[in-house]
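**Q** Before anything else, here's the structure in question.
The values are calculated or read from the model by the stated rules, or taken from the named source; none is laboratory data. Everything quoted here is computed from the prediction, not taken from an experiment. No Cβ is skipped: glycine too gets one built from the backbone with ideal geometry, and neighbour counts run over all protein chains shown. Just so you know, the surface numbers come from the protein's heavy atoms only, side chains and all, with ligands and any DNA or RNA stripped out. Shrake-Rupley method; radii C 1.70, N 1.55, O 1.52, S 1.80 Å.
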Amino acid sequence: MTQVVIVKTRFAPSPTGSLHLGGARTALFNWLFARSKNGEFVLRIEDTDKERSKPEYVEEIIESLKWLGLDWDGEPYFQSQKTALYQEKIETLLSEDKAYRCYCTKEVLDTKRSEMMKAGEKPMYDRTCRDLEGQESSRPHVVRFKTPLTGAASFVDTLRGVVEVGNDELDDLIIRRTDGSVTYNLVVVVDDAEMGITSVIRGDDHIANTPKQVNLYKGLGYEPPEFTHVSMILGKDKKRLSKRHGAESLLEYRDEGYLPAALVNMLARLGWGYGDQELFTREELVEKFTLSKITMSPAVFDKEKLDWLNAQHIKTMDNNELARLALPFVQKRHPHATQEDAEKLIPLLKERSRTLVEMAEGMDFYFTREIRYEQKAEKKFLTEKGLKPLERVMELIENCSDLDTETLDREFRKLAENLGLKLKEIAQPVRVALTGKTVSPGVFEMINVLGRRESLNRLKAASDIMRSIESTVK
Ligand code: GLU
């Protein structure tokens with residue numbers, strides 16, 4: 001039985017830069033819509049602009065999508081490989097008198113344009129060449145589409161309903177440049193139609209192009225798809241998102257230790273909602289995503305919210321998977337670290353890390369054999385007064401039958417009581433002895449993973465410092 005494809009979406013980036021949050025969100029919405037409808041999602045690289053398109057950007061876009069887990073069906077399409085099809089369509093339009101060659105020079109057009117602007121008119125091509133007899137293909141020319149002179153171009157936008165623009169507002173748009181290269185509005189229509197795209201979901205910066213494209217659909221004898229124009233993403237200051245608001249490209253977020261699951265969650269919530277729910281797994285998003293819940297007002301990106309989401313996803317993620325994602329960050333700091341090390345340490349850091357970078361930093365204590373004490377920590381906690389309690393802790397660790405956290409907790413509490421001290425008062429110098437810092441994973445958990453020998457070595461080194469203060473004081 002052949003399966004009828006009900007929904008087919010596409011992500012159509014121009015490889016003229018890295019993939020940013022806006023583009024990634026467009027990709028995600030297209031992916032979610034297709035997956036939620038058991039449809040298809042394709043990737044089309046719009047590389048017709050030879051000057052600005054770069055293979056390294058293609059790679060980066062692909063890497064970013066893979067990192068986010070937005071898989072596409074089939075191989076990516078490249079518009080640069082489909083020139084023959086576009087030229088064929090242009091020739092058809094020319095032969096059907098739906099397009100014409102325009103010989104007006106740039107200078108003439110520029111002069112007319114500034115005159116129109118001076119007169120307070122909307123600058124449009126005055127159609128000098130539209131009905132010229134004897135079209136010569138050998139003279140330098142562009143090809144323009146014959147926009148209907150009357151009537152209107154209308155389309156249905158999922159969020160806005162019917163959008164209609166009078167054809168008198170629309171120019172005879174250029175579909176092929178003097179150098180023979182084809183333009184965006186033409187190729188996007190040919191491709192969307194030929195590829196059977198049923199839903200075009202893209203940024204609302206393209207909404208002014210849609211009426212022009214609708215006329216092209218008609219001219220080429222195609223049925224237009226359904227359109228959804230998604231609002232812009234702004235920063236918290238309500239300005240267009242830029243470097244000031246955080247990382248620019250998606251891979252920067254990856255390198256800063258964000259989880260793909262958190263990015264996907266955050267991107268989904270930018271302009272889409274499901275009641276008050278903030279946390280979503282990918283599966284839940286696929287299940288709940290609908291185009292009608294996309295909001296029309298601009299979405300606001302908040303870096304702090306991303307940090308929060310990342311921490312939540314870190315907390316709920318499976319330990320092995322988390323270790324796999326954290327390992328490269330750990331290895332950057334400690335090249336010999338293994339997956340097992342990471343797995344062992346994850347439970348100590350999972351509840352307290354906002355990013356994988358923070359998580360890797362929190363693991364330093366395990367890999368660093370020579371502790372460097374933060375000056376303030378050393379001064380405050382490795383004191384003469386602390387020596388006796390610390391020695392008692394060493395005895396405790398030496399003699400404790402089992403170094404599991406429950407036993408350690410019980411024994412530490414008993415010791416504190418015996419010494420007439422608070423638990424914190426004996427635990428904090430131990431923390432400094434084990435890590436050199438005042439902030440770290442739980443003391444008992446650290447003793448547990450470091451083991452008896454290593455813990456004692458570190459406590460001994462700290463006690464030597466305490467002793468040396470004692471002797472200088474005397
Ligand atoms: N290549 C266009 C862009 O990156 C795609 C526009 C569209 O989705 O039609 O903006």
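**Q** Please report the antiparallel percentage of DSSP beta bridges with both residues in the chain, rounded to the nearest 5.
**A** Taking every DSSP beta bridge with both residues in the chain, the antiparallel ones total about 55 percent.
**Q** Something else now. What are the principal axis extents of the Cα atoms in region 1-154, in Å, biggest first?
**A** Over region 1-154, Cα extents along the principal axes are 52, 40, 33 Å.
**Q** Additional query: Give me the orientation-averaged projected area of the Cα convex hull of region 169-319, in nm², one decimal. Walk me through the numbers before you get to the answer.
**A** Working: hull surface 50.1 nm².
Result: 12.5 nm².
**Q** Rounded to the nearest percent, how much of the accessible area of the chain (1.4 Å probe, protein heavy atoms only) is carbon and sulfur?
**A** After summing per-atom areas, the C and S share lands at 50 percent.
**Q** Over region 184-227, consider all pairs of different Cα atoms and compute the Kirkwood hydrodynamic radius from their mean reciprocal separation; express it in Å, one decimal.
**A** When all Cα pairs of region 184-227 are included, the Kirkwood radius is 10.3 Å.
**Q** If I fit a long axis through the Cα atoms of helix 319-333 and take the longest principal axis of the Cα atoms of the chain, what angle between them do I get, 0 to 90°, rounded to 10?
**A** Once rounded, the angle reads 80 degrees.
**Q** Can you bin region 254-294 into rounded, prolate or oblate? Criterion: square roots of the alpha carbon gyration tensor eigenvalues sorted a ≥ b ≥ c, rounded for a/c under 1.5, prolate for a/b above b/c, oblate for the rest.
**A** Cα axes put region 254-294 in the prolate bin.
**Q** What shape does region 351-474 take by its C-alpha gyration tensor, where a ≥ b ≥ c are the square roots of the eigenvalues and a/c under 1.5 counts as rounded, a/b above b/c as prolate, and the rest as oblate?
**A** oblate
**Q** Mind checking the per residue accessible area of the chain for me, 1.4 Å probe, whole number of Å²?
**A** Numbers: 23910 Å² over 474 residues.
Using a 1.4 Å probe on heavy atoms only, each residue of the chain averages 50 Å².
**Q** Another one. So for region 276-414, what percent of the C-alpha to C-alpha distances run longer than 20 Å?
**A** 67 percent
**Q** Hey, another quick one. I need the fraction of alpha carbon pairs in the chain separated by more than 38 Å, rounded to a whole percent.
**A** Across the chain, Cα pairs with separations above 38 Å total 46 percent.
**Q** Now, a different point. Report the relative contact order of region 203-261, percent, no decimals, based on alpha-carbon pairs under 8 angstrom and at least 6 residues apart. Provide the component values of the computation, followed by the final result.
**A** Details: 27 pairs, mean separation 14.9, N = 59.
Averaging sequence separation for qualifying contacts and normalising by length gives 25 percent for region 203-261.
**Q** Something else: If amide hydrogens are placed 1.01 Å from N in the peptide plane, which non-local residues have theirs closer than 5 Å to the one on Gly203?
**A** Hits under the 5 Å cutoff: Val230.
**Q** Roughly what would the spin-label model give for Thr83 and Glu96, points 7 Å off Cα along C-beta, in nm?
**A** According to this spin-label approximation, the distance is 2.5 nm.
**Q** Something else about it: How much of the pair distance distribution for region 105-184 lies past 18 Å, counting alpha-carbon pairs only, in percent?
**A** 57 percent
**Q** Could you state the angle between the C-alpha long axis of helix 55-68 and the longest principal axis of the C-alpha atoms of the chain, as a value from 0 to 90 degrees rounded to the nearest 10?
**A** The angle comes out near 60 degrees.
**Q** Along the charge dipole of the chain, which of Leu325, Gly235, Cys129 sits closest to the positive end, that is, farthest toward it, with unit charges on the beta carbon of Lys, Arg, Asp and Glu (+1, +1, -1, -1)?
**A** Going by the Cα projections, it comes out as Gly235.
**Q** Okay, moving on. Can you list the residues, at least 5 places off or on another chain, whose amide H is less than 5 Å from the amide H of Lys146, using H built in the peptide plane?
**A** Amide H neighbours of Lys146, under 5 Å, 5+ apart: Ala99, Tyr100.
**Q** Could you pull out the pairs from Lys50/Lys212; Lys118/Lys212; Lys388/Lys422; Lys82/Lys212; Lys379/Lys460; Lys82/Lys146 whose alpha carbons sit more than 19 Å apart here?
**A** In this structure, Lys50/Lys212; Lys118/Lys212; Lys82/Lys212; Lys82/Lys146 exceed 19 Å between Cα atoms.
**Q** Right, here's the next one. Find the all-direction average of the projected area of the Cα convex hull for region 32-94, expressing the result in square nanometres with one decimal place.
**A** So the Cα hull casts an average projection of 5.9 nm².
**Q** Largest first, please: the extent of the C-alpha atoms of region 1-66 along each principal axis, to the nearest Å.
**A** Reported extents, whole Å, longest axis first: 44, 23, 15.
**Q** Then there's this: Could you state the angle between the C-alpha long axis of helix 106-118 and the longest principal axis of the C-alpha atoms of the chain, as a value from 0 to 90 degrees rounded to the nearest 10?
**A** Value to nearest ten degrees: 80.
**Q** While we're on this one: Taking a ≥ b ≥ c as the square roots of the Cα gyration tensor eigenvalues, with a/c under 1.5 meaning rounded and otherwise prolate when a/b beats b/c, else oblate, which class fits region 140-209?
**A** It is oblate, given that a/c is not under 1.5 and a/b is not larger than b/c.
**Q** In addition: Once you compute Rg and the Kirkwood Rh from C-alpha atoms, what is the Rg to Rh ratio for region 223-268? Could the numbers behind the result be given before it?
**A** Values: Rg = 14.1 Å, Rh = 12.8 Å.
Result for region 223-268 is an Rg/Rh of 1.10.
**Q** Moving on to the next point. For region 382-429, what does the relative contact order come out to in percent, with C-alpha contacts under 8 Å and a separation of six or more?
**A** 45 percent
**Q** Taking a 21 Å limit on the Cα-Cα distance, which of the listed pairs Lys89/Lys218; Lys238/Lys315; Lys243/Lys293; Lys8/Lys288; Lys8/Lys305 fall beyond it?
**A** Lys238/Lys315; Lys243/Lys293; Lys8/Lys305
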